[in-house]
Amino acid sequence: MNNLSKLLIIISLLRFSIGASADIWFCQTTHWAVLDQEAKFAQEHEGGFIIDTEKGFRNRASNTGLYGGSCTKTADVSGQPKIFCEEDKNLLNRETSGVQLFIDIQTQTFTYVRTNLWGGFGVGIETNLGTCTKD
């Protein structure tokens, strides 16, 4: 076996082992709320997110299939496992907006929060709550 073949096998094995460590979660929104200048509020909502701890997260309804942000496995102050996701800093003006998603692994629930102070879109907060299942 030549060196090139050995190198290709090693690269393939590394790619497989890296990809195998990702956790994939499917989160379904059960409650949704928006607060803005018009004080709009909604209780029930369908939708949700797909979280891949290697690729980031995306809206389930997205037709592009592109992931954004980054996700990290972490723990809360009591040591309970969590997943924390945050939108890429270069996609948002961090002084006026932010997107964060938290998964409580023990209860398999999630919270998504988007704050928005963009001039064209107005001032507002959007939040989604729901349940998650791990693939």
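Using R₀ = 35 Å, calculate the FRET efficiency as 1/(1 + (r/R₀)^6) where r is the Cβ-Cβ separation of Ala61 and Thr115; round to 0.05. Kindly include the intermediate steps, with their values, before the conclusion.
Numbers: r = 21 Å, r/R0 = 0.60.
The formula returns an efficiency of 0.95 here.
With the highest mean first, a sort of the peptides 67-79, 47-59 on other beta-carbon atoms found within 10 angstrom per residue produces 47-59, 67-79.
Grab the other residues whose beta carbon is less than 10 angstrom from that of Gln106, score K and R as +1, D and E as -1, and report the net.
Numbers: positive: Lys82; negative: Asp76, Asp104.
Cβ neighbours under 10 Å give a net charge of -1.
Every number in this text was worked out from the coordinates using simple rules, so none of it is lab data. A quick note: this is a predicted structure, and the numbers were derived from the prediction, not measured. So basically every Cβ, Gly included, is an ideal-geometry build from the backbone, and we count neighbours across all protein chains shown.
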